[in-house]
1. Please turn the phi angles of segment 16-28 into ³J(HN,Hα) values with the Karplus equation 6.51 cos²θ - 1.76 cosθ + 1.60 (θ = phi - 60°), one per residue in order, whole Hz, x for glycine and proline.
2. Compute the FRET efficiency between Asp28 and Leu49 as 1/(1 + (r/R0)^6), taking r as their Cβ-Cβ distance and R0 = 25 Å, and round to the nearest 0.05.
3. Need the C-alpha centroid separation for segment 123-149 versus segment 50-88, integer Å.
4. Evaluate E = 1/(1 + (r/R0)^6) for Ile95 and Ala63, where r is the Cβ-Cβ distance and R0 equals 25 Å; express this FRET efficiency to the nearest 0.05.
5. Can you figure out the FRET efficiency of Arg112 with Glu85, using R₀ = 30 Å and their beta-carbon distance, to the nearest 0.05?
6. Tally Lys and Arg at +1 and Asp and Glu at -1 over the other residues with C-beta under 10 Å from the C-beta of Leu61: what net charge comes out?
7. Quick one: net charge around Ala37, please, counting Lys, Arg +1 and Asp, Glu -1 for every other residue with C-beta under 14 Å from its C-beta.
8. Within a Cβ distance under 15 Å of Arg134, other residues only, what is the Lys/Arg minus Asp/Glu net charge?
Amino acid sequence: MRPDQVSVVPSSVIASVSTFEDAQRTVDYLRSYGMDAGSLDIVGADLRLAQKSQAAPVVKLTAAGAQHGAVLGLLAGVFVTLVAETSLTGLVVVIWGLVYGGLLGTLWGLFRALIRNRPEVVATEVVPTRYEVRCPVEELSVARTLLADAHDVDDGRVERQVIADAPHETPAQKDAA
């Protein structure tokens, strides 16, 4: 579902877990008892902004560029030695190719590192701190019953400690339903 799209089916939270894998296992457990997978949703909740710097050390990127350039220069030197007629010996051509390739690769890696490490380049992403498993209101009682009975079931379909606890209804919620 797109972020700007509103759900047409009202849904209720049947489980709240800390990892997506636990939420997926809860959905798999409910599906193993016949609940429709299309009616179950995993929704990220308690969203927070996380900033992650994409900076890599300038020296590391420069050294990697020098290595790549040196390899390309070496290959170019071998190619020139095999194809072209020069007054230099083959070994000298290969060494000059290695040196020039290393210099060009160093410059390329340095410029790449300087461009990549700009202070304004910071990736910001929205990260959920917990995940909610939701289902339509019509299937809420079935899902809660299955999750409440999950602690008594030992049929090997899912690990018992992974199933999220079903939210317990308060007396006011029971009266409202």
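The values are calculated or read from the model by the stated rules, or taken from the named source; none is laboratory data. Keep in mind it's a predicted model, so treat the numbers as computed, not measured. When we count neighbours, we look across all protein chains shown, and the Cβ atoms used for this are built from the backbone with ideal geometry, even at glycine. Areas reflect the complete protein model, heavy atoms only, side chains present, ligands, DNA and RNA absent. Shrake-Rupley method; radii C 1.70, N 1.55, O 1.52, S 1.80 Å.
1. Per residue, the Karplus-derived 3J(HN,Hα) values read 9, 10, 8, 10, 5, 5, 5, 5, 5, 5, 5, 5, 4 Hz.
2. FRET efficiency, Asp28 to Leu49: 0.25.
3. So the two Cα centres are separated by 52 Å.
4. My answer for the efficiency is 0.80.
5. Computed FRET efficiency for Arg112 and Glu85: 0.25.
6. With Lys, Arg at +1 and Asp, Glu at -1, the neighbours total +3.
7. -1
8. Around Arg134, the surrounding residues sum to -4.
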